[in-house]
Structures are given as structure tokens and as C-alpha cells.
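The values are calculated or read from the model by the stated rules, or taken from the named source; none is laboratory data. Bear in mind the structure is a predicted one, so any value in this text is a computation, not a measurement. Here Cβ is always computed from backbone atoms with ideal geometry, including for glycine, and neighbour counts include all displayed protein chains.
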Amino acid sequence: MPPNAPPTIKAIRPLAETRLFRVEGVDLRFANGAEVQFERLKGSANGAVIVAALTAGDEFVLIREYACGTERYELGLPKGRIDAGETPVEAANRELMEEAGFGARNLTRLNELTMAPTYSGQRTHLVLAESLHEAHLPGDEPEPLEVSFLPMAELDEFAASGDCSEARSLAAMFLVRAYRQQREREGAA
């Protein structure tokens, strides 16, 4: 059983930095005396958002955009960085308008997601967007994004299809489905 206290950070050194990423070396001392050096990708100071926008017909709003990391077009939820001075909810509504052409009258921050937390400090806030209306803001994408809709009832099949490999999008949609099912159970009680 791991101890409750995290290891002691002895030193943090910058190893590399780009416009978007910072790689750090971290020297740690564990409670058992073991000393190790880790490398981590430091997340942005403000974090990021992923937006699970639902239409009145319980359809997720998806976008298709080029993913340089996988070198292909991917379907996923709208997402992006939180700008300085923005709350996660404000950033979610802005990203939804920039990427999908919708605004939301009802936004709920549900959770925080990470990817590879052993190596990355990036935190992504999951925001549920409901009561959608048409609203556009100029985005920073190099080409127009294709918008499509996924009925929540088809989520299992979509997850198995391979059309979306982005773990945050898939996790977010399953979390939203569970949240909505819990709300329905509580409303029926």
C-alpha cells in the first residue's frame, strides 16, 4: 500500500520549452528513501476545457479536425485552452462558438480530466453545455471544422467504431451520459 504523503520534490529543472509545451526534470525522494528523476510535460497555467454540448434531442455536438499527432482527421468534442482571466465555463462557451457555431445558455462544470498523469500535468475541465443556440466566433483553426451530431443512444457503437481515438472526448461523453442518467434517476425518485 503506497504511503499517503507524496514524495518530496528536491528540484525542478527546465529541460525544453516550446510555444505550447514545457518539459521539466523533477528530482524526487520517496518515503522509503528511493531517489529518482522524472521528466514531465508541464501543463499550461490556466488549463484547458472540453465541451460536451448536447442538443435538445440528446445529440452530442462533434467536430472533425486534423490531428497532427495521429496524422489524420479525428472526430471529437470541441476543446481548447483557457485564456488568462477566463473561467472554465467561459472558455467552454467561447470554444463551442469558435469551433461548432453554438453557444449555450446552460453550462455546468462536471469534472477534471488528465491524460497520462504520471508524465503530464495538463488538466482539462469537462463542461456540459445545454440549451444550445446558434452563435459564431472566429476561431484559430487553419481550416473550417466539420460539425456533426451523435445521438447519445449510439455512444457505445461510436466508441467502438474508431472514428474517435481521443480519450478525453470518449471519457467526457461517457461521464455526461452517466451524469444525465443519475439526474433522471433522481428526478424519478
Only one of (1) over 13 Å from Phe60 (Cα atoms); (2) touching a Cys at 6+ places or on another chain (Cβ under 7 Å) is not met by Ala178, so which one is it? (2)
Please find, among Ala92, Ala100, Ala153, Ala104, the residue that is exposed (fewer than 14 other Cβ atoms within 10 Å of the Cβ) and among the small types (Gly, Ala, Ser). Ala153
Residue within region 168-177 that is surrounded by fewer than 12 Cβ atoms within 10 Å (Cβ to Cβ) and outside any loop (DSSP other than H, G, I, E, B) present: no
Name every residue in region 1-50 that is acidic (Asp, Glu), touching a residue at least 24 places away in the same chain (Cβ under 8 Å) and under 21 Å from Met115 (Cβ atoms), in order of residue number. Glu39
Would you confirm whether or not region 140-151 contains a residue that is over 17 Å from the mean Cα position of the chain (by Cα), over 15 Å from Glu99 (Cα atoms) and either modelled with pLDDT under 90 or among the hydrophobic types (A, V, I, L, M, F, W, C) (or both)? yes
Can you tell me which condition Glu71 does not meet? The list is (1) out of contact with any strand residue (DSSP E or B) (no Cβ under 7 Å at 6 or more places or on another chain); (2) surrounded by 19 or more Cβ atoms within 10 Å (Cβ to Cβ), and all the others hold. (2)
Inside region 20-134, counting only strands (runs of 3 or more DSSP E) that do not spill past its ends, which hold 1 or more residues that are among the charged types (D, E, K, R) and modelled with pLDDT of 95 or more? 59-67, 79-81, 102-114, 123-134
